[in-house]
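The next block holds one structure in the form of structure tokens; read it before the comments.
The values are calculated or read from the model by the stated rules, or taken from the named source; none is laboratory data. Worth saying up front: this structure is predicted, and the values here are computed from it rather than measured. Here Cβ is always computed from backbone atoms with ideal geometry, including for glycine, and neighbour counts include all displayed protein chains. We work out accessible area using only protein heavy atoms, side chains counted, and drop any ligands, DNA or RNA first. Shrake-Rupley method; radii C 1.70, N 1.55, O 1.52, S 1.80 Å.
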Amino acid sequence: MKHIKEEQLLRALGEVDEKYIAAAAPGMIHSAKKRWTRLAAMAACLCVIVGAAMVADPISLWRSDQKNETVAKQAVLESEQESPEEVQPQYATSDWEDAVEERTKSSKNAATEDKKCTVPQIEADDSAGFDAMLANRGQENTVDVAIYTQIPIGARTAQYEQVHGVDSEELRDYIGAFYLEESEDTGWYYPAGKHNCKYLIRMEGEKWSLWVFRNFVVTDTTYTYGDVCREIYGLERADQIVSITAAPSTANNTEFGQKIQTEIGTTVYDELADLEQFYAVIQDVCCYGEQENNDSAEQRYTYSFSTEDPDKLSSGEAIYGVRDLTILLEDGTTIDSWNYDALRGCFYEFGGIETEALSEQQVQTLNALFGIS
Amino acid sequence: MEDGEIIALYWARSESAIAETAGKYGAYCRSIAYHILCDAEDTEECVNDTYLHAWNAMPPQRPSRLSAFLGKITRNLSLDKYGYKMAAKRGGGQMPLVLDELLECIPVQGSVEQELEDRELVELLNHFLATLLPRNRNVFLRRYWYLNSVREIAADYGLGESNVKMILLRTREKLRRYLEKEGISL
């Protein structure tokens, strides 16, 4: 145990990072009070879905939970926080939406913006360490409670899901730039070295938790996968994609299903022409979020592997005709929640999230790319 | 005048650097010194000494934030002066209160002890400050860096005094737990 005296602590405080000193300087704040009247609507809305234990294959349960169950319990935190309007910081939190919009104008420019603003940033830039920590976390399939929260991202509200198996103390070592203040003792941070919104870290008092983007909340308007690319992943050009890995669906993991999976195999696409084709298709694909989607509900396309069996999973068609996609970006981030369904001609994600039906031309493009015929 | 231009004057050994510094940051430095010393004469002396130290430091130094650079000098000089003056008895100002409050941040003494390097402590403090929400961090530093009174902080941030006290209390408690976790005691 090392010891200090209060005078030493006072002296040491005098030597802390100058950016903190400048940000706190008298005169940097004026006392205009602004009530966050919109905070209640935009604040974290925790939705706790208590479902049956998710076991070996959580996927089907997820989809079933979303489509058939209405056990979601919502609790909107009604807070009317008073917050000082900071003059100097670029990200003055005079308004929740403004603050978020400012941060999410361009994820690509986040690093530059962080340099300009006086909102302090932890020096840790170990994105590789964060990725490794994520890879080594506990298995999710032992979890029976999924927790969601809603965060304003630009003009939209995004739904995030808590990532289980991440220790609060361990997470503390991977806190990156400050992102957003939610309330007096709750705030959001980027993971260390990350400047996109795929993962965000929530600090509530002494507790840290990790959240992953799930979808934008759809009310009157929908969103496109292009919006997701730009606003969540900072992906604005095809050449920012390093590769796309297409693997057959593992929804049917019986011996029969595994045999088909082996037959199809996993393919990695890293030719720019392929990446550009894919990127062009997804730009305008409209996603309905968790809203019911009828236009791709019925199977519309037939292939060499098509059968009369109405159960496309047990017939193997849902393996032949579906690709689980992992899109690796140049900053190491992966988009790994999209699945291409050639049978229905759409994308879907776990939790009942689906896109509109693609055009025939778009389906043909993707089928040619992923070798589905 | 922009900070860069003032720094350039120091580097050019132009005496107008002092006048420009005094014009732009005199009040800032005076405020820091007065909150520690609570004495106009001593304050003025420390502020003038700040300019002298800045003159001697630039070159070779080229601070990225001139305000904080000067503020640190003023703060250190003021703490030194306070130490000399109050060796025999404690005076007014925020210092005695702040020192008492900071005592709460320091965990109880452990069995095996060794002196903690100042640099190590500063690193820990930087890490701790980075984990605070911006407003709470600013309130904390306004109290323990600038030694502002609770009333001043409350007025500047549009908060109630009790609210400021609560933020400070929670942050001190958080710092105490953090230091304890890092193996630091009084």
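Report whether or not A:K198 is basic (K, R), surrounded by 17 or more Cβ atoms within 10 Å (Cβ to Cβ) and at pLDDT below 90. It is false that A:K198 is basic (K, R), surrounded by 17 or more Cβ atoms within 10 Å (Cβ to Cβ) and at pLDDT below 90. If the condition is being facing another protein chain (nearest Cβ under 7 Å) and open to solvent by 30 Å² or more (accessible area, probe 1.4 Å), then the stretch B:148-169 contributes B:A155, B:D156.
Looking only at residues of the stretch B:128-147 that are more than 7 Å from every other protein chain (Cβ to nearest Cβ) and at pLDDT 85 or above, we find that the one that is most open to solvent (accessible area, probe 1.4 Å) is B:N136. A count restricted to the stretch B:41-72 and to residues that are in a helix (DSSP H, G or I) and either among the basic types (K, R) or within 18 Å of B:G23 (Cα to Cα) (or both) stands at 20. Of the residues making up the stretch A:168-185, none is in a loop (DSSP other than H, G, I, E, B) and closer than 30 Å to A:V285 by Cβ.
Residues in the stretch B:1-43 that are among the hydroxyl-bearing types (S, T, Y) and open to solvent by less than 40 Å² (accessible area, probe 1.4 Å): B:Y10, B:S14, B:T21, B:Y25, B:Y28, B:S31, B:T43. Residues that are within 23 Å of the chain's Cα centre (by Cα) and of a type in the set (D, E) were ranked within the stretch A:288-313; the one that is modelled with the highest pLDDT is A:E290. Across the stretch A:244-287, the qualifying residues are those that are assigned to a loop (DSSP other than H, G, I, E, B) and modelled with pLDDT of 90 or more, and the one among them that is farthest from A:F216 (Cα to Cα) is A:G265.
Residues in the stretch A:325-359 that are surrounded by fewer than 18 Cβ atoms within 10 Å (Cβ to Cβ) and in a strand (DSSP E or B): A:T326, A:L328, A:T334.
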